[in-house]
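> Have a look at the structure that comes next, please.
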Amino acid sequence: MKITITGSLGNISKPLAKELIQKGHTVTIIASSTERQAEIEKLGAKAAIGSVEDLAFLTKTFTDSDAVYCMIPRANYFDPNLDLDAFTRKIGNNYAEAIKQSDVKRVVFLSSIGAHLKEKSGIIQRYNEIEAVLNTLSDVSITFMRPTSFYYNLLAYIPMIKNLGFIAANYGADSMIPWVSPNDIAAAIAEEITTSSQGKKVRYAASEELTGHETAKILGEAIGRPDLKWELISDEETLNGLISAGMQPKIANGLVEMYAALYNGTLAQDYLKNKPAVLGKTKLTDYAEEFAAIYN
């Protein structure tokens, strides 16, 4: 198959590209910087240098592809001028239009846990909107890949662990967090994108379900702090902490709302009804080694 991948050589796109190339598929990787070109070509893929915000470029690159993998690039939450909603919406709409104009018939879109919610899901609410736009495309088979909480998001707590000696958040603690490894997401995408399918479907990707306390214990043992605790704090305390760290207030509010939805159970309602029969291979004890190396 001819498969086009967005996301450059990111945490999901790189292992995805490697697996697809290994299985004999022809892969094109979209990257925004020419600095990535040599590394992409070294993998055995073709580099398409341009922006997913450029509809003409996107349409041209998608044309003649048997399948495409679409994701929303990460944004800088500390940029005071970022309009996260507009950024996300524009790229989602570009994907829909480029898929339509290029006549691509098989798509995997990286959505999110909680995308079933039309409100009170914080910064991921736009994914509900993008799924709705992509759902209007006729004669296109689309898998909405909804990953759970990424292991590497735990890296944001390293300064807190070093300065305070514990993890503090308005979620976790005694409640369950469904975690996922980017490698397990990539494996699920590779399976979906190379399988013929009709219509639209949702697939969740998760690696392990742990409470905040269990999460802290595993991380603590890996970094030599076996007494590491996960403390539950209020929405207000979490918000103040994010803003004081320099995060844009509107985005900080959206993060706090998303975390609160995870803690009260609404974010994971649909996941719990439709979760994978078999969770991914990469457990937190595996990821904890990488966490410890960065921590140290």
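> Measuring with a 1.4 Å probe in the full set of protein chains, what accessible area per residue, in whole Å², belongs to the chain?
47
> Amide H of Glu231 versus every other amide H placed in the peptide plane: which residues, excluding those fewer than 5 positions away on the same chain, fall under 5 Å?
Long-range HN contacts for Glu231: Ile167, Ala168, Ala169.
> Around Val140, under 11 Å between beta carbons, what's the net of Lys plus Arg minus Asp minus Glu among the other residues?
Once positives and negatives cancel, what remains is +2.
> Taking H as built 1.01 Å from N, whose amide H comes closer than 5 Å to the amide H of Thr28, not counting residues under 5 places away?
Excluding prolines and chain starts, which carry no amide H, the hits are Ile3, Thr4, Ile5, Lys46.
> Counting pairs of alpha carbon atoms under 8 Å apart in space and at least six apart in sequence, what relative contact order in percent does the stretch 1-88 give? Don't jump to the answer; show the numbers that get you there.
On the way: 121 pairs, mean separation 28.9, N = 88.
About 33 percent, as a whole number.
> Give me the percent of the accessible area of the stretch 109-157 that comes from carbon and sulfur atoms, probe 1.4 Å, all protein chains in place.
Answer for the stretch 109-157 is 50 percent, counting heavy atoms of protein chains only.
> What are the semi-axes of the equivalent ellipsoid of the chain, taken as the square roots of 5 times the eigenvalues of the Cα gyration tensor, listed largest first and rounded to whole Å?
For the chain, the ellipsoid semi-axes come out as 32, 21, 19 Å.
> Just report the Cα centroid separation between the stretch 1-80 and the stretch 159-185, whole Å.
So the separation of the two Cα centres works out to 29 Å.
> Stretch Glu97-Gln22 to full length: gain in nm at 0.36 nm per residue minus the Cα-Cα span?
24.0 nm
> If R₀ is 25 angstrom, what is the calculated FRET efficiency for the pair Leu155 and Ala56, using the beta carbon separation as r and rounding to 0.05? Write down the numbers at each step before the final one.
On the way: r = 36 Å, r/R0 = 1.45.
Using R0 = 25 Å, I get an efficiency of 0.10.
> Next question. How far apart, in nm, are two points set 7 Å out from the Cα along the Cα-to-Cβ line at Asp79 and at Lys229?
For the pair Asp79/Lys229, the computed spacing is 3.9 nm.
> Taking 0.36 nm per intervening residue step and subtracting the Cα-Cα distance, what contour gain separates Ser175 from Glu236 on full extension?
So the chain would gain 20.1 nm between Ser175 and Glu236.
> Same structure again: Select from the stretch 7-89 those trypsin sites (Lys or Arg not before Pro) which occupy a DSSP coil region and have at most 15 other Cβ atoms within 10 Å, ordered by residue number.
Passing sites in the stretch 7-89 are Lys23, Arg74.
> If you don't mind, there's one more thing I want to ask. Which percent of the accessible heavy-atom area of the stretch 1-52 goes to carbon and sulfur, probe 1.4 angstrom?
Looking at the stretch 1-52 in its full context, I get 45 percent from C and S.
> Tell me the label-point distance for the pair Glu290, Ser196, using the 7 Å Cα-to-Cβ offset, in nm and rounded to one decimal.
3.5
> Determine ³J(HN,Hα), in whole Hz, for all residues of the stretch 198-204 in sequence, where each value follows from phi through the Karplus function 6.51 cos²θ - 1.76 cosθ + 1.60 and θ = phi - 60°; x replaces Gly and Pro.
10, x, 10, 8, 10, 9, 8
> What full-extension length gain, to one decimal in nm, is calculated for Leu164 and Phe87 as 0.36 nm per residue of separation minus the Cα-Cα distance?
Computed gain between Leu164 and Phe87 is 24.3 nm.
> Among Leu9, Ala156, Ala293, whose Cα lies farthest out toward the positive end of the dipole of the chain, if unit charges sit on the beta carbon of Lys, Arg (+1) and Asp, Glu (-1)?
Result: Leu9.
> While we're looking at this one, here's another question. Holding the Cα-Cα limit at 25 Å, pick out from Lys2/Lys201; Lys60/Lys281; Lys23/Lys46; Lys14/Lys273; Lys60/Lys120; Lys42/Lys281 the pairs that are longer than that. Let's see the in-between values first.
Details: Lys2/Lys201 22 Å; Lys60/Lys281 36 Å; Lys23/Lys46 16 Å; Lys14/Lys273 30 Å; Lys60/Lys120 37 Å; Lys42/Lys281 27 Å.
Cα-Cα > 25 Å for Lys60/Lys281; Lys14/Lys273; Lys60/Lys120; Lys42/Lys281; rest within.
> Moving to a separate point now. Taking the Cα atoms only, what angle lies between the long axis of helix 84-102 and the longest principal axis of the chain, rounded to 10 degrees?
Orientation of helix 84-102: about 20 degrees from the principal axis.
> Okay, next question. Which angle between 0 and 90 degrees, to the nearest 10, do you get for helix 182-193 versus the longest principal axis of the chain when only C-alpha atoms count?
Roughly 30 degrees, rounded to the nearest 10.
> While we're here: Can you give the calculated 222 nm mean residue ellipticity of the chain, where each DSSP H run of n ≥ 4 adds -39,500 (n - 2.57) and the sum is split over every residue, rounded to the nearest 500 deg cm²/dmol?
Result for the chain: -13000 deg cm²/dmol, rounded to the nearest 500.
> Related question: So who's got an amide H within less than 5 Å of the one on Tyr204, skipping anything under 5 residues away but keeping other chains? H placed 1.01 Å off N, in plane.
Those qualifying (amide H under 5 Å, at least 5 residues apart or on another chain) are Arg146.
> Moving on. Rounded to the nearest percent, how much of the accessible area of the stretch 163-296 (1.4 Å probe, protein heavy atoms only) is carbon and sulfur?
Its accessible area is 51 percent carbon and sulfur atoms.
> Taking every DSSP beta bridge with both residues inside the chain, roughly what % is antiparallel (nearest 5)? Don't skip to the end; give the middle numbers.
Numbers: 4 of 34 bridges.
Of the beta bridges lying entirely in the chain, close to 10 percent run antiparallel.
> I would also like to ask the following. Using a cut-off of 14 Å between beta-carbons, work out the net charge of the residues near Ser65 (Lys and Arg +1, Asp and Glu -1, Ser65 not included).
Details: positive: Lys2, Lys46, Lys60, Lys100, Lys105, Arg106; negative: Asp64, Asp66, Asp103.
Computed value for this residue: +3.
> Let me ask another. Measure nothing but the geometry: give the 0 to 90° angle between the long axis through the Cα atoms of 249-264 and the longest principal axis through the Cα atoms of the chain, rounded to 10°.
The angle comes out near 80 degrees.
The values are calculated or read from the model by the stated rules, or taken from the named source; none is laboratory data. Keep in mind it's a predicted model, so treat the numbers as computed, not measured. Glycine also receives a Cβ, built like all others from the backbone with ideal geometry; neighbour counts cover every protein chain displayed. Remember, those area values only see protein heavy atoms, side chains included, never the ligands or the DNA or RNA. Shrake-Rupley method; radii C 1.70, N 1.55, O 1.52, S 1.80 Å.
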